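For reference, the structure discussed in these notes is given below.
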Amino acid sequence: MHAPRNTAIEPFAIEHATIATGDVDGRTLSDTTIVVDGLGKIREIGPSSTVVVPPGYHKLDGSGKVVSPGMINGHTHTFSQGRPLDPKGSTPEGQRKTAKLVHSAPGRLFMYETSKSNIMTLLNSGVTTIRTVGDVGYEVVAIRDRINAGKMVGPRILAAGPMLAIPDGHGAPLVAMESTTPEEARSEAEYSIDHGVNALKIAATGGVTDSQVLGEAGAPQMSEEQMRAICEAAHANDIIVAAHAQSEEGVRRALKAGVDTIEHGCTLDDELTELFLNNPNSLRGWSALEPTLSAGLPMKYLSQETLNMTDIQMENSVPVVEGMVNGAKQAHEAGIKVGVGTDTAMPFVPQYGTWREMDLLNRYAGFSKAEAFHAGTQVTAEILGLSDETGSLEVGKSADLLVLDENPVDNLRTLEKPLLVVAAGHPIFHPQVDRFDDMEAQLDEAYK
């Protein structure tokens, strides 16, 4: 799936560290050495007393530190940083004006540079794999290809390009292409595949942030037949499909059509639970949920003035957020695979805040800290079809890892400021991100 990364890597070893495995039971390995070769793969991992570091390898002393898998964020947008949105820009008319600008030659360059900057923020925050699920164009595909070609260091990327929506549907026309029939929907999916995407995203229902009338958020938009055509085109190319869906009917249609991940979700009934666990139309026979509590809960706990949202948006958010939280709890209890995705770029969802989604799963959805960290590493890797490459620290896998002050299973917030980030063997020493201190203080206060 991914081309080899050719940027020169100096092989190294981290000695005498505690390994936080990311296993569901929170298992750790004490006084362990992990050896990373010149191809960016984990060459050896074992007790420091028995592992022999090859000559010429740099040695880093991990005494008193914790090494963990890198975080994975399965629901990102790279067109903005996460500050509140302008409600005027969220109307179809506002989106059309902005779309005209960003699809001009200067606009495309601006979006490329903006996406590149936000992707580097994700990386420096400890996220070594991302999936984008709604881009302005194919700028993230181009960035992914530069990373895979070894021309720049970055996270592993699944890039979806623009969403697939109905006319003036959720995300349209700014970050979505529009179709009215199954044939058009299939054609647009194939157009994106021809342009190099390795993920796709459907707007199955309306959303909160661009809603203009009461009841629009969660109202079904794309037909099951259109969605099935998209899924068939994607699955023929071994590509998984995400669906923005925020109501029982919207989730039901999307699952029946064969989508592989539901983004946001809703309160589940028995039929929906069974469709998640056994979905014959999905690529792998099951579907997963990414609740994106990071995007929903600010609308419950912060003021309308703080969020800069309209009366309609705020009212529409109430049942949607309740459904997201309920669905996350129910999915966890039912054994549905629940992944970590934050919906970066949405109001109060900064690019650097992936750790907070795990914290919210722990606080609001019944996950233990170990289960939440497991979700943000191994489970999300499995959901994205990347378990053979990343998500855990094992010989032969990509060296996607973090060095931390503490064990995340004891304190998830230690993930907020990794001491070292390693992406496919490339170390980012002293990783730094620009944080919105005012926003962080407000979120901390909200989630006390």
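The values are calculated or read from the model by the stated rules, or taken from the named source; none is laboratory data. For clarity, every value in this text was computed on a predicted model and none was experimentally measured. Positions of Cβ are backbone-derived with ideal geometry, glycine not excepted, and every protein chain shown enters the neighbour counts. Accessible surface is based on the protein model in full, side chains and every heavy atom, while ligands, DNA and RNA are left aside. Shrake-Rupley method; radii C 1.70, N 1.55, O 1.52, S 1.80 Å.
Before moving on, here are some points about what is shown:
- Among residues of segment 99-124 that are under 22 Å from GLY353 (Cβ atoms), those with a Cβ under 9 angstrom from a residue that is at pLDDT below 95, sequence gap 6+ or separate chain, pair up as MET111/VAL102; MET111/HIS103.
- Odd one out for SER282, checked against (1) open to solvent by less than 50 Å² (accessible area, probe 1.4 Å); (2) more than 21 Å from GLY74 (Cα to Cα): (2)
- Options LEU122, LEU200, LEU109; residue that is closer than 21 Å to GLY258 by Cβ and either modelled with pLDDT of 95 or more or aromatic (Phe, Trp, Tyr) (or both): LEU200
- Taken over segment 253-272, the criterion of being open to solvent by 30 Å² or more (accessible area, probe 1.4 Å) and either modelled with pLDDT under 95 or not in a loop (DSSP other than H, G, I, E, B) (or both) is satisfied by ARG253, LYS256, ASP270, GLU271.
- Just one of the numbered conditions (1) within 19 Å of the chain's Cα centre (by Cα); (2) modelled with pLDDT of 95 or more; (3) within 16 Å of THR292 (Cβ to Cβ) is not true of THR209: (2).
- Candidate set: segment 208-247, residues that are charged (D, E, K, R), in contact with a Gly (Cβ under 8 Å, 6 or more places away or on another chain) and assigned to a helix (DSSP H, G or I); chosen: the one surrounded by the fewest Cβ atoms within 10 Å (Cβ to Cβ): GLU232
- Subset of segment 356-369 [in contact (Cβ under 8 Å) with a residue 40 or more places away in the chain and open to solvent by 10 Å² or more (accessible area, probe 1.4 Å)]: ARG356, ASP359, ASN362, ARG363, TYR364, SER368, LYS369
- The number of residues in segment 316-355 that are open to solvent by 10 Å² or more (accessible area, probe 1.4 Å), among the aliphatic types (A, V, I, L, M) and part of a helix (DSSP H, G or I) comes to 3.
- Every pair of residues 6+ apart whose Cβ atoms lie under 8 Å, when the first sits in segment 23-50 and is over 19 Å from GLU10 (Cβ atoms) while the second is assigned to a loop (DSSP other than H, G, I, E, B) and among the acidic types (Asp, Glu): none
- When we screen LEU289, LEU275 for residues that are assigned to a helix (DSSP H, G or I), in contact with a helix residue (DSSP H, G or I) (Cβ under 6 Å, 6 or more places away or on another chain) and either over 26 Å from VAL24 (Cα atoms) or open to solvent by less than 50 Å² (accessible area, probe 1.4 Å) (or both), the only hit is LEU275.
- For THR91, the criteria (1) at pLDDT below 95; (2) under 19 Å from VAL141 (Cβ atoms); (3) in contact with an Asp or Glu (Cβ under 9 Å, 6 or more places away or on another chain) hold in every case but one, which is (2).
- Residue, least open to solvent (accessible area, probe 1.4 Å), within segment 46-74, restricted to residues that are in a loop (DSSP other than H, G, I, E, B) and of a type in the set (Ser, Thr, Tyr): SER48
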